[in-house]
1. Got a number for residues in region 163-186 being of a type in the set (Val, Ile, Thr) and over 13 Å from ILE65 (Cβ atoms)?
2. Looking at region 72-94, is at least one residue within 26 Å of GLU54 (Cβ to Cβ) and surrounded by fewer than 19 Cβ atoms within 10 Å (Cβ to Cβ)?
3. Which of the residues that make up region 126-148 are part of a strand (DSSP E or B) and in contact with an Asp or Glu (Cβ under 9 Å, 6 or more places away or on another chain)?
4. In region 69-84, is there at least one residue being modelled with pLDDT under 90 and in contact with a Lys or Arg (Cβ under 7 Å, 6 or more places away or on another chain)?
Amino acid sequence: MAGRFHRPLPPIQVSGFRFHPSLRSFSLLELLVVLAIIVLIAGILLVAVARSRELAQRKQTAALIQTTVNAITQYKAVYGKFPGQSQSANDSVFTNNSEILSAIQNNPRNLPLLQVPESAFANGSLVDAWACPLVIAMDDNASGITDLTASYRANSISANVTGSVAIMSWGPDPEIPGKRIYSWAQ
């Protein structure tokens, strides 16, 4: 009967901490495993958040491009010429689109042709979600094919697009053509 009732050991006090020998504590290995699992979950979440953020930026830029195409097309329908049109035999390509933007916003009839958020403007130009100016090309010679040729840093593009307006964003990484955003089908 004497072994049936167990008297707990008294707590041991070591430099201000009380240690109860009867209570089991976690080993260092168990703590490291739990920490590794937490770090792994955090890493997975960070990747997922980054992907969803890039997807949202791509959608925002695609919407801006489509809104701008519509504004340029409306300007042409109302005034019979493209904004900033040079009346040349070649198509106009604008990598700094501030001249087009100014013509659309300050049109003679003060029509609200282009309504975009303030975040889409930088230094008088329309910019994508990564603060890079949109490349805008217009079919000035009315051939039905818009020639968009532009370069940015060490990257370039040359495309013949069916239609009167072609707009492009270099995307999050100009060096990867697959990340670019176009107003035309690829």
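The values are calculated or read from the model by the stated rules, or taken from the named source; none is laboratory data. Note that this is a predicted model, so its numbers are computed, not measured. Note that each Cβ is placed from the backbone with ideal geometry, even for glycine, and that neighbours are counted across all protein chains shown.
1. 1
2. The answer is no, given that none of the residues of region 72-94 is within 26 Å of GLU54 (Cβ to Cβ) and surrounded by fewer than 19 Cβ atoms within 10 Å (Cβ to Cβ).
3. Within region 126-148, ALA137, MET138, ILE145, THR146, ASP147, LEU148 meet the criteria.
4. Checked against the condition, which is being modelled with pLDDT under 90 and in contact with a Lys or Arg (Cβ under 7 Å, 6 or more places away or on another chain), region 69-84 yields at least one hit.
Residue-by-condition table, conditions (1) touching a Ser or Thr at 6+ places or on another chain (Cβ under 6 Å); (2) modelled with pLDDT of 90 or more; (3) aromatic (Phe, Trp, Tyr):
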position: ALA89; (1), (2), (3): no, no, no
position: THR95; (1), (2), (3): no, no, no
position: LEU113; (1), (2), (3): no, yes, no
position: GLY124; (1), (2), (3): yes, no, no
position: ALA154; (1), (2), (3): no, no, no
position: SER169; (1), (2), (3): yes, yes, no
position: ILE181; (1), (2), (3): yes, yes, no
position: ALA185; (1), (2), (3): no, no, no
